[in-house]
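A short worksheet on the structure shown next.
The values are calculated or read from the model by the stated rules, or taken from the named source; none is laboratory data. Remember, predicted model here, so these are calculated numbers, not experimental data. When we count neighbours, we look across all protein chains shown, and the Cβ atoms used for this are built from the backbone with ideal geometry, even at glycine.
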Ligand SMILES: CC(C)(COP(=O)(O)OP(=O)(O)OC[C@H]1O[C@@H](n2cnc3c(N)ncnc32)[C@H](O)[C@@H]1OP(=O)(O)O)[C@@H](O)C(=O)NCCC(=O)NCCS
C-alpha cells in the first residue's frame with residue numbers, strides 16, 4: 001500500500017551517528033570503510049552527508065564527495081557531485097526514504113557548486129539502478145571488474161536540469 005505521509009526526518013550526519021551509520025553500511029553493502037573514511041566525508045561536505053531518522057533511530061544515510069573533473073557532458077572542467085554510498089535498512093525500504101536521501105544529498109552537493117552528479121552501482125543492483133533512473137541518472141559506461149569480487153559497475157551520470165536551477169533574476 002502506498003504510504004502518503006512522511007514519518008522520517010533527513011538531517012546532517014553528526015559525529016555521534018558514526019556507529020549507527022557504520023552498522024547500516026555493514027548490513028547493507030559489501031563496500032565497507034574505516035571510521036576515518038566516514039568522518040573525512042563528513043568534514044569534506046557536511047551538507048551532503050545525511051542520515052534518515054525514524055522512530056528515534058538512524059535507518060539510512062547518504063554520503064557524497066565533491067570532485068573536480070572533465071564534465072561527462074562536454075569537455076570543460078567542472079565540479080561534480082559523487083554519491084559515494086547510500087543505504088537504507090531493509091525493514092525501512094520501499095517507503096521513499098532512499099529517494100529522499102538522494103534528493104536532499106543532491107541539494108547539498110548543489111550548495112557546494114556541483115552541476116552534475118555521478119555514482120557507481122553494481123550491475124545486478126536493480127533496486128538502486130531503478131531509484132537512480134527515477135532521478136534521471138543514465139548509464140555512462142560499464143566499469144569492468146570494478147568491485148573486489150569482480151562484479152562490473154555501471155557508471156551513472158546526471159546533469160543538473162537547468163529548469164530546476166534557481167532563477168538568477
Ligand atoms: C537502494 C536503496 C537505498 C533504496 O532505498 P529505499 O528506501 O527502498 O528507496 P525508495 O523507497 O525511495 O525506492 C525504492 C522503491 O520503493 C518504491 N516506493 C517509494 N515510496 C513508496 C511508497 N510510499 N510505497 C510503496 N513503494 C514506494 C519506489 O517507487 C521504488 O520502486 P522501484 O524500485 O520499483 O523504482 C536500498 O534498496 C538499499 O539500501 N539497498 C542496499 C544498499 C545499496 O544497494 N545502495 C546503493 C549502492 S549504489
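The figures follow:
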| item | result |
| --- | --- |
| Residues of region 84-103 classified as in a loop (DSSP other than H, G, I, E, B) and either under 15 Å from residue 24 (Cβ atoms) or more than 6 Å from the ligand (Cβ to nearest atom) (or both), total | 2 |
| Only listed residue being free of Cβ contacts under 8 Å to residues at least 40 places away in the same chain, within 7 Å of the ligand (Cβ to nearest atom), in contact with a strand residue (DSSP E or B) (Cβ under 6 Å, 6 or more places away or on another chain) and part of a strand (DSSP E or B), chosen from 119, 139 | 119 |
| Scan of region 150-169 for residues that are assigned to a loop (DSSP other than H, G, I, E, B) and either surrounded by 14 or more Cβ atoms within 10 Å (Cβ to Cβ) or modelled with pLDDT under 95 (or both), ordered by number | 151, 152, 160, 161, 165, 166, 167, 168, 169 |
| Top-ranked residue in region 122-136 [being in a loop (DSSP other than H, G, I, E, B) and more than 9 Å from the ligand (Cβ to nearest atom); ranked as nearest to residue 96 (Cα to Cα)] | 136 |
| Qualifying residue in region 161-168 (condition: touching a strand residue (DSSP E or B) at 6+ places or on another chain (Cβ under 8 Å) and touching a residue at least 24 places away in the same chain (Cβ under 8 Å)) | no |
